[in-house]
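To keep things clear, I will list the structure first and then write my remarks on it.
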Amino acid sequence: MKEYFIWCVLFVFLAGCSDSDKPTPEPLPIPPEKEEPDTKVWLREKDSLALVNLWNTSVWEKDKPDWDFSAGMTTWIGVTVENGRVVGLDFSWGQLTELSDGIGRFSVLRDLDISGNEALTVLTDSIWTLSGLSRLDISSTGLETISGQVTSCRSLAFLKMEEWKGKEFPESVLACDFIDSLIVSPLTGWDGVMIPDNIGNMTGLKYLSLSNMTAADFVFPASLGELSQLKNLILENIGVELLPECIGELKNLEELQLMFLNVPEIPEWIDGLNRLKRLSCVACGLEEFPAAERLVNLEELDLSGNYIPELPPEIGQLTRLTRLSLEASGVASISDEIGNLISLRELNLSANYLTGLPETMEALIALELLDLTDNFDLNWEIPASMKARVNTGDLIIKTGEAEEDPGIK
């Protein structure tokens, strides 16, 4: 009985104890969050250190770039930074004689300009390891060759080689079917065929500029016509008197610039370039208006510096023209059909032999600029509708000083 009583008392005592009287356990310590390294900061510092290394290990004939290392790389001349990363380096026209292997440390570099460094005769192959390099300018340097490793730099889209010192077109470049823009001009004339027969291998080309190739035996390779993606072709100061038919095979061509050639006429095959939007034949010795009436998509036509006495009726078929220049081209008369050019915004007839203009000029309702300067025998009364547009500022008519052009009213 006594034992039973003891158990009852103990039960009542324990039942009366509240949870609040129980001891509270110590909370377990919360482990600190794992600190991830700031990748952006690390990469930014990596590029900064790479620049310092490049500054120290490259060779400059005289003064190195004036970089204030305490101010941060965004202030350093010739350095382009995006999101803390070096994406462009411009060492043009400096005193660079040797670019060190450190150039290969810039993993996101897109643009590299080392033009104008005439003492630079060798390129480090580290350049071709830059997986993001898309633009390279090596104009006016002492380089005469380009390593075959250029073919491994498949992101390279733009290559500029003006005043190229090499004696021939670099064979290694011809294997780069991924380059889409190429600008080449030799410092001195090349012997023999200056554009290799296999230029057609550069199937990715969309923009091609060739200039200062004036040897008497210059030949256009037929494979030029195989550049099916080519949209822009610029030929300047080329030693030819007849444009080759292979140009007429470039059916996707949108721009054809011919400057300082000696071609008295443009062949009829130009009519087949029906995607052409811009045609320039500047100082080419043209003696007649090109047979371009089928170029219905033509928007800009520049025939400056030739000898084309008459602007024929065919001009009226180019109804999409927005810009027409016949500056200093010996023009003495213009056909009435010029009034069909209802899209024309700019018309340059300066430095010619005009004595009058057709009444249909009034139909050029989109015209914003009309240049008639240095037509000293021109006697033309500006139509009332054109005068009204001049007064509102919608049309500018350049005629020179009033006392120099008394015939303009």
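The values are calculated or read from the model by the stated rules, or taken from the named source; none is laboratory data. All figures in this text were calculated on a predicted structure; none of them were measured in a lab. As a convention, Cβ positions derive from the backbone with ideal geometry for all residues, glycine included, and neighbour counts pool all protein chains shown.
For region 82-105, filtering for residues that are farther than 21 Å from Ser115 by Cβ and out of contact with any Lys or Arg (no Cβ under 8 Å at 6 or more places or on another chain) leaves 1.
Spot the failing condition for Gly142; the list is (1) touching a Leu at 6+ places or on another chain (Cβ under 8 Å); (2) at pLDDT below 90; (3) of a type outside the set (Val, Ile, Thr), and only one is missed. Answer for Gly142: the failing condition is (2). Looking across Ser329, Ser325, one residue alone is in contact with a Gly (Cβ under 8 Å, 6 or more places away or on another chain) and over 21 Å from Ala388 (Cα atoms). It is Ser329.
When the residues of region 160-177 are filtered to those that are under 16 Å from the mean Cα position of the chain (by Cα) and surrounded by fewer than 21 Cβ atoms within 10 Å (Cβ to Cβ), the one that is nearest to Ser228 (Cα to Cα) is Lys160.
Select from region 64-78 the residues that are modelled with pLDDT of 90 or more and either surrounded by 12 or more Cβ atoms within 10 Å (Cβ to Cβ) or not in a loop (DSSP other than H, G, I, E, B) (or both) and write down the one among them that is farthest from the chain's Cα centre (by Cα). Out of the qualifying residues, it is Trp67. When Glu162, Glu168 are screened for being of a type in the set (D, E, K, R), modelled with pLDDT under 95 and farther than 28 Å from Asp90 by Cβ, only Glu168 passes. For region 321-337, the tally of residues that are over 26 Å from the mean Cα position of the chain (by Cα) and farther than 15 Å from Asn375 by Cβ stands at 3. If you go through region 235-254 and keep only what is surrounded by 17 or more Cβ atoms within 10 Å (Cβ to Cβ) and outside any loop (DSSP other than H, G, I, E, B), you end up with Leu235, Glu236, Ile238, Cys246, Ile247, Gly248, Glu249.
Among residues of region 345-367 that are closer than 18 Å to Val390 by Cα and without any contact (Cβ under 8 Å) to a residue 40 or more places away in the chain, those with a Cβ under 6 angstrom from a residue that is surrounded by fewer than 17 Cβ atoms within 10 Å (Cβ to Cβ) and among the acidic types (Asp, Glu), sequence gap 6+ or separate chain, pair up as Arg345/Glu368; Thr360/Asp336. Determine whether region 87-94 contains at least one residue that is surrounded by fewer than 19 Cβ atoms within 10 Å (Cβ to Cβ), of a type in the set (D, E, K, R) and touching a Ser or Thr at 6+ places or on another chain (Cβ under 9 Å). Looking for residues that are surrounded by fewer than 19 Cβ atoms within 10 Å (Cβ to Cβ), of a type in the set (D, E, K, R) and touching a Ser or Thr at 6+ places or on another chain (Cβ under 9 Å), one finds at least one in region 87-94, hence yes.
Scanning for something at pLDDT below 90 and among the basic types (Lys, Arg), does region 3-23 turn up at least one residue? Yes, region 3-23 contains a residue that is at pLDDT below 90 and among the basic types (Lys, Arg). Out of the residues in region 235-260 meeting the condition of being at pLDDT below 90 and among the hydrophobic types (A, V, I, L, M, F, W, C), tell me which one is nearest to Glu300 (Cα to Cα). The qualifying residue nearest to Glu300 (Cα to Cα) is Leu243.
Only one of Ile365, Ile315, Ile342 is under 25 Å from Pro267 (Cβ atoms) and hydrophobic (A, V, I, L, M, F, W, C); which? Before the answer, list the steps.
On the way: Ile365 fails: under 25 Å from Pro267 (Cβ atoms); Ile342 fails: under 25 Å from Pro267 (Cβ atoms).
The unique qualifying residue is Ile315.
Which count do you get for residues in region 38-60 that are part of a loop (DSSP other than H, G, I, E, B) and surrounded by fewer than 14 Cβ atoms within 10 Å (Cβ to Cβ)? Outline the logic, then answer.
Just the residues of region 38-60 that are part of a loop (DSSP other than H, G, I, E, B), to begin with: 38, 58.
If we keep only those that are surrounded by fewer than 14 Cβ atoms within 10 Å (Cβ to Cβ) too, we end up with 38.
Count: 1.
Only one entry of Val81, Val41 meets the criterion of being β-branched (Val, Ile, Thr) and at pLDDT 90 or above, and that entry is Val81. Candidates in region 96-125 are the residues that are hydroxyl-bearing (Ser, Thr, Tyr) and over 25 Å from the mean Cα position of the chain (by Cα); of these, the one that is farthest from Lys165 (Cα to Cα) is Ser100.
Might you let me know whether region 293-310 holds any residue that is of a type in the set (Val, Ile, Thr), modelled with pLDDT of 95 or more and out of contact with any His (no Cβ under 8 Å at 6 or more places or on another chain)? The answer is no, given that none of the residues of region 293-310 is of a type in the set (Val, Ile, Thr), modelled with pLDDT of 95 or more and out of contact with any His (no Cβ under 8 Å at 6 or more places or on another chain).
With the condition being touching a Pro at 6+ places or on another chain (Cβ under 8 Å), among the aliphatic types (A, V, I, L, M) and buried (at least 16 other Cβ atoms within 10 Å of the Cβ), I'd like the strands (runs of 3 or more DSSP E) fully within region 272-350 carrying at least 1 qualifying residues. Before you say what the answer is, go through the steps one by one.
Numbers: elements: 278-282, 300-302, 323-325, 346-348.
Correct list: 278-282.
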